[in-house]
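These notes concern the structure reproduced below.
The values are calculated or read from the model by the stated rules, or taken from the named source; none is laboratory data. Quantities reported herein were computed from a predicted structural model and do not represent experimental measurements. Note that each Cβ is placed from the backbone with ideal geometry, even for glycine, and that neighbours are counted across all protein chains shown.
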Amino acid sequence: MKPTKTAETRTATLAEIAREAGVSAPTVSKVLNGRADVAPATRSRVEDLLRAHGYRRRRAEATRSPLLDVVFHELESAWAMEVIRGVENVARDTGLSVVLSESAGRLTPGRTWADQVAARRPHGVVLVLSGLDESQRALLTSRSIPFVVMDPAGDPGTDVPSIGATNWQGGLAATRHLVELGHTRIGAISGPSRMMCARARVDGYRAALETAGVPVDPSLIVTGDFHHEAGYRLGLKLLRREDRPTAVFAGNDLQALGLYEAARELGLRIPEDLSVVGFDDLPVARWVGPPLTTVRQPLTEMAEAAARLVLDLGREDETPAATRVELATSLVVRSSTAAPGA
């Protein structure tokens, strides 16, 4: 039976809420204190009753540590450095320190991670190419620790704040550029199919070909991870074909650099024999020879936006204008693309 809110209504005791929820009083106390050792369904039922009876955890800014947690899917890349730079920019301006952790390639952090974050009580958590399972989300929510997913690997859910980029538009622009140069045999090296960003980029590639009336050859689309080694290995696979592509859209700049290596090994010149487009516009794209045509993904700006959003979510007097944001990508034309046989 739901309580009615009148001036005379007294606050129910934890024991009464426990009876109503069908759990013990210590379990209710665990939920109030943000403990992790409560089943998600039980936690949800108890939290609903606590809200109904007017219990609310104080946000208590004074109890928060001056920290901002950032969780990476993988840390060992120049891509991660661009993200760290963006988060650090915001942290420095707000007097916070940044705590970095890695989920070691998993799509969610390890089991003990949420307990460690709850104990640290940071101002917020930014998850990069990662996410949270139901129990981790419940624990952070119960501790009033806001979180934002940047460049989510999968669908984060409609209620999860996220910052991304226009990956489909980027794939479209990259492939359209190659088509406009006159290429019709255009390969694509994709990232992992479980990642939304990788699928969106390849979908943009397909859309550009179909719009131009160029048949999509599924055998020219190869899939691997977002590392240099995958670009090299898959590049060799594409370039050793008798009907090899004259241009390749790589899913990121690291794959493109691996493709450069494969082309050199086979005696192919870029862009005379092979045009290459990457994705991200990492600093190395300007330094490699020839400088890489690529799609700029504003990684530093995305990280800054994610950090600002998570801090706004932690302020009781602040309501963010939007909690799901995509920043625009843009094509940066350099020297790795040319007309076929140029």
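Assess whether Val125 counts as being buried (at least 24 other Cβ atoms within 10 Å of the Cβ) and out of contact with any Cys (no Cβ under 8 Å at 6 or more places or on another chain).
It is true that Val125 is buried (at least 24 other Cβ atoms within 10 Å of the Cβ) and out of contact with any Cys (no Cβ under 8 Å at 6 or more places or on another chain).
Any residue in the range 74-96 that's in the same structural domain as Ala306 (by TED's automatic domain parsing) and at pLDDT 95 or above: show its pairings with residues that are surrounded by 14 or more Cβ atoms within 10 Å (Cβ to Cβ) and of a type in the set (Lys, Arg) at Cβ separation under 7 Å, as long as the two are six or more apart or on different chains.
Val90/Arg308
Check the range 97-111 and report whether any residue there is in the same structural domain as Glu304 (by TED's automatic domain parsing), under 29 Å from Thr27 (Cα atoms), in contact (Cβ under 8 Å) with a residue 60 or more places away in the chain and within 15 Å of the chain's Cα centre (by Cα).
no
With respect to Pro215, is the statement that it is crowded, with 20+ Cβ neighbours inside 10 Å and not β-branched (Val, Ile, Thr) true?
No, not satisfied.
Considering only residues of the range 176-211 that are under 17 Å from Pro245 (Cα atoms) and small (Gly, Ala, Ser), which is surrounded by the fewest Cβ atoms within 10 Å (Cβ to Cβ)?
That would be Gly182.
Just one of Gly278, Gly289, Gly341, Gly267 is in the same structural domain as Leu178 (by TED's automatic domain parsing) and either in contact (Cβ under 8 Å) with a residue 12 or more places away in the chain or aliphatic (A, V, I, L, M) (or both); which is it?
Within the list Gly278, Gly289, Gly341, Gly267, the selection yields Gly278.
List pairs: first residue in the range 184-204 and farther than 15 Å from Asp280 by Cα and in contact (Cβ under 8 Å) with a residue 12 or more places away in the chain, second residue surrounded by fewer than 17 Cβ atoms within 10 Å (Cβ to Cβ) and hydroxyl-bearing (Ser, Thr, Tyr) anywhere in the structure, Cβ distance under 6 angstrom, at least six positions apart or on different chains.
These pairs meet every condition: Ser193/Thr223.
Does the range 273-301 hold any residues that are more than 11 Å from Ala174 (Cβ to Cβ) and of a type in the set (S, T, N, Q), and which are they?
Gln297, Thr300
I'd like the residue in the range 114-131 that is of a type in the set (Gly, Ala, Ser) and touching a Lys or Arg at 6+ places or on another chain (Cβ under 8 Å) and, out of all such residues, is modelled with the lowest pLDDT.
Per the criteria, the residue is Ser130.
Given the criteria surrounded by fewer than 15 Cβ atoms within 10 Å (Cβ to Cβ), outside any helix (DSSP H, G or I), basic (Lys, Arg) and modelled with pLDDT under 95, does Arg315 qualify?
yes
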